[in-house]
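This report refers to the structure that appears directly beneath it.
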Amino acid sequence: MTDNDIIKLFWDRDEQAISRTEEKYHNYLYKISVNILYDEQDVQECLNDTYLSVWNSIPPNSPKAFKAYIGKIIRNISLNKFKSERTKKRGGGQVKDVLCELDECVSTIFGVEDSVNEKELTALIEKFLLSQPKQKRNLFVKRYWYMDSIKEISLEFMSEAKVTAILCRMRKDLKIILETEGFNL
(Lines give C-alpha, C1' and ligand atoms only; values in the text may rest on other atoms or scores of the structure.)
Protein backbone atom coordinates (compact mmCIF):
# COMPACT_ATOMS: atom_id res chain seq x y z
CA MET A 1 0.00 0.00 0.00
CA THR A 2 1.40 3.41 -0.94
CA ASP A 3 1.65 6.36 1.39
CA ASN A 4 -1.01 8.18 -0.64
CA ASP A 5 -3.35 5.22 -0.13
CA ILE A 6 -2.75 5.34 3.61
CA ILE A 7 -3.34 9.10 3.71
CA LYS A 8 -6.60 8.57 1.81
CA LEU A 9 -7.68 6.07 4.47
CA PHE A 10 -7.05 8.73 7.13
CA TRP A 11 -9.05 11.26 5.13
CA ASP A 12 -11.88 8.74 4.80
CA ARG A 13 -11.66 8.17 8.59
CA ASP A 14 -11.13 4.47 7.94
CA GLU A 15 -9.61 2.79 10.99
CA GLN A 16 -7.50 0.61 8.69
CA ALA A 17 -5.33 3.70 8.24
CA ILE A 18 -3.73 3.06 11.61
CA SER A 19 -3.15 -0.64 11.05
CA ARG A 20 -1.73 0.02 7.57
CA THR A 21 0.59 2.68 8.99
CA GLU A 22 1.71 0.29 11.69
CA GLU A 23 2.30 -2.53 9.19
CA LYS A 24 4.41 -0.35 6.94
CA TYR A 25 6.26 1.87 9.41
CA HIS A 26 6.34 0.14 12.80
CA ASN A 27 10.08 -0.71 12.62
CA TYR A 28 10.99 2.80 11.43
CA LEU A 29 8.97 4.49 14.18
CA TYR A 30 10.15 2.03 16.82
CA LYS A 31 13.82 2.69 16.01
CA ILE A 32 13.39 6.46 16.32
CA SER A 33 11.67 6.15 19.68
CA VAL A 34 13.90 3.45 21.17
CA ASN A 35 17.02 5.49 20.32
CA ILE A 36 15.61 8.27 22.48
CA LEU A 37 14.01 6.34 25.32
CA TYR A 38 15.55 2.85 25.62
CA ASP A 39 12.50 1.74 27.54
CA GLU A 40 10.11 -0.73 25.87
CA GLN A 41 7.03 0.40 27.78
CA ASP A 42 7.69 4.09 27.03
CA VAL A 43 8.35 3.30 23.37
CA GLN A 44 5.04 1.41 23.07
CA GLU A 45 3.25 4.34 24.66
CA CYS A 46 4.90 6.74 22.21
CA LEU A 47 3.95 4.52 19.27
CA ASN A 48 0.31 4.54 20.38
CA ASP A 49 0.42 8.31 20.93
CA THR A 50 1.90 8.71 17.46
CA TYR A 51 -0.86 6.74 15.77
CA LEU A 52 -3.45 8.79 17.66
CA SER A 53 -1.72 12.04 16.78
CA VAL A 54 -1.60 11.10 13.10
CA TRP A 55 -5.29 10.14 13.24
CA ASN A 56 -6.13 13.52 14.77
CA SER A 57 -3.98 15.53 12.37
CA ILE A 58 -5.03 13.94 9.04
CA PRO A 59 -7.29 15.62 8.10
CA PRO A 60 -6.86 18.61 8.04
CA ASN A 61 -3.19 18.01 7.16
CA SER A 62 -2.24 16.18 4.01
CA PRO A 63 1.49 15.50 4.26
CA LYS A 64 3.52 15.23 1.08
CA ALA A 65 6.18 13.08 2.75
CA PHE A 66 4.18 10.75 5.01
CA LYS A 67 7.19 8.86 6.36
CA ALA A 68 8.95 12.07 7.39
CA TYR A 69 5.69 13.42 8.82
CA ILE A 70 5.12 10.46 11.13
CA GLY A 71 8.84 10.27 11.92
CA LYS A 72 8.77 13.86 13.15
CA ILE A 73 5.67 13.17 15.23
CA ILE A 74 7.16 10.17 17.04
CA ARG A 75 10.46 11.96 17.53
CA ASN A 76 8.74 14.92 19.19
CA ILE A 77 6.53 12.68 21.34
CA SER A 78 9.56 10.61 22.39
CA LEU A 79 11.65 13.70 23.19
CA ASN A 80 8.80 15.11 25.29
CA LYS A 81 8.53 11.78 27.09
CA PHE A 82 12.29 11.78 27.66
CA LYS A 83 12.16 15.29 29.12
CA SER A 84 9.31 14.44 31.47
CA GLU A 85 10.94 11.17 32.55
CA ARG A 86 14.31 12.84 33.05
CA THR A 87 12.77 15.16 35.59
CA LYS A 88 11.80 11.99 37.47
CA LYS A 89 15.44 10.79 37.30
CA ARG A 90 14.74 8.29 34.56
CA GLY A 91 15.67 8.27 30.91
CA GLY A 92 18.39 6.84 28.77
CA GLY A 93 19.11 6.38 25.13
CA GLN A 94 21.37 8.63 23.11
CA VAL A 95 19.57 11.88 23.92
CA LYS A 96 21.96 13.10 26.62
CA ASP A 97 25.03 12.33 24.50
CA VAL A 98 23.58 13.88 21.36
CA LEU A 99 22.43 17.04 23.14
CA CYS A 100 25.81 17.43 24.83
CA GLU A 101 27.59 17.09 21.47
CA LEU A 102 25.33 19.65 19.81
CA ASP A 103 25.66 21.98 22.77
CA GLU A 104 29.12 22.85 21.42
CA CYS A 105 27.66 24.69 18.45
CA VAL A 106 23.98 25.46 19.16
CA SER A 107 23.76 25.73 22.93
CA THR A 108 21.76 28.81 23.89
CA ILE A 109 21.26 30.51 20.58
CA PHE A 110 17.52 31.10 20.98
CA GLY A 111 14.58 30.51 23.22
CA VAL A 112 11.90 28.06 22.23
CA GLU A 113 9.45 30.91 21.62
CA ASP A 114 11.78 32.75 19.24
CA SER A 115 10.56 31.33 15.94
CA VAL A 116 12.41 33.85 13.75
CA ASN A 117 15.81 32.78 15.08
CA GLU A 118 14.71 29.16 14.94
CA LYS A 119 13.87 29.48 11.23
CA GLU A 120 17.17 31.24 10.53
CA LEU A 121 19.08 28.56 12.43
CA THR A 122 17.22 25.80 10.60
CA ALA A 123 18.03 27.40 7.25
CA LEU A 124 21.73 27.71 8.15
CA ILE A 125 21.95 24.09 9.29
CA GLU A 126 20.20 22.93 6.10
CA LYS A 127 22.59 25.00 3.99
CA PHE A 128 25.55 23.60 5.93
CA LEU A 129 24.37 20.02 5.44
CA LEU A 130 23.72 20.52 1.74
CA SER A 131 27.30 21.72 1.35
CA GLN A 132 28.61 18.45 2.82
CA PRO A 133 29.28 15.23 0.91
CA LYS A 134 26.40 12.75 1.07
CA GLN A 135 28.16 10.39 3.48
CA LYS A 136 28.89 13.16 5.98
CA ARG A 137 25.28 14.39 5.72
CA ASN A 138 24.08 10.87 6.43
CA LEU A 139 26.36 10.55 9.46
CA PHE A 140 25.11 13.87 10.84
CA VAL A 141 21.43 13.05 10.30
CA LYS A 142 21.76 9.55 11.75
CA ARG A 143 23.43 10.94 14.85
CA TYR A 144 21.51 14.15 15.45
CA TRP A 145 18.08 13.42 13.97
CA TYR A 146 17.64 9.68 14.49
CA MET A 147 19.96 9.70 17.53
CA ASP A 148 21.73 6.53 16.48
CA SER A 149 24.69 5.56 18.63
CA ILE A 150 28.21 6.01 17.30
CA LYS A 151 28.53 2.23 17.36
CA GLU A 152 25.41 1.75 15.18
CA ILE A 153 26.62 4.36 12.72
CA SER A 154 30.07 2.81 12.54
CA LEU A 155 28.60 -0.59 11.68
CA GLU A 156 27.05 0.97 8.61
CA PHE A 157 29.80 3.35 7.51
CA MET A 158 33.28 3.19 9.06
CA SER A 159 35.19 2.82 12.33
CA GLU A 160 33.87 4.44 15.50
CA ALA A 161 36.97 6.62 15.73
CA LYS A 162 36.48 7.94 12.21
CA VAL A 163 32.75 8.59 12.77
CA THR A 164 33.55 10.45 15.98
CA ALA A 165 36.26 12.52 14.29
CA ILE A 166 34.06 13.44 11.32
CA LEU A 167 31.15 14.47 13.55
CA CYS A 168 33.50 16.51 15.74
CA ARG A 169 34.88 18.37 12.72
CA MET A 170 31.38 18.93 11.36
CA ARG A 171 30.20 20.42 14.68
CA LYS A 172 33.23 22.74 14.73
CA ASP A 173 32.59 23.81 11.12
CA LEU A 174 28.91 24.38 11.88
CA LYS A 175 29.82 26.47 14.93
CA ILE A 176 32.09 28.69 12.79
CA ILE A 177 29.33 29.19 10.23
CA LEU A 178 26.78 30.06 12.92
CA GLU A 179 29.15 32.53 14.56
CA THR A 180 29.94 34.09 11.17
CA GLU A 181 26.22 34.55 10.56
CA GLY A 182 25.79 36.38 13.84
CA PHE A 183 24.59 33.71 16.23
CA ASN A 184 26.30 34.37 19.55
CA LEU A 185 27.27 31.07 21.08
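The values are calculated or read from the model by the stated rules, or taken from the named source; none is laboratory data. All values derive from a computational prediction rather than experimental measurement. In this analysis, Cβ positions are derived from the backbone assuming ideal geometry, glycine residues included, and neighbour counts consider all displayed protein chains. The area values use the complete protein model at the heavy-atom level, side chains included, leaving out ligands, DNA and RNA. Shrake-Rupley method; radii C 1.70, N 1.55, O 1.52, S 1.80 Å.
Which of the trypsin sites (Lys or Arg not before Pro) found in segment 1-64 are loop residues per DSSP with 16 or fewer other Cβ atoms within 10 Å of their Cβ? Write down the numbers at each step before the final one.
Working: sites: 8, 13, 20, 24, 31, 64; in loops: 13, 64.
Filter output for segment 1-64: 13, 64.
Give, rounded to the nearest 20 debye, the magnitude of the charge dipole that segment 36-75 has about its Cα centre when Lys and Arg contribute +1 at Cβ and Asp and Glu contribute -1 at Cβ. Let's see the in-between values first.
On the way: 4 positive and 5 negative charges, 91 e Å.
Taking the Cα centre of segment 36-75 as origin, the dipole is about 440 debye.
Rolling a 1.4 angstrom probe over the protein heavy atoms, how many square angstrom per residue are accessible across segment 1-47? Write down the numbers at each step before the final one.
Details: 2650 Å² over 47 residues.
Averaged over the residues of segment 1-47, the accessible area is 56 Å².
Give me the accessible area of residue 57, 1.4 Å probe, in Å² rounded to the nearest 10.
20 Å²
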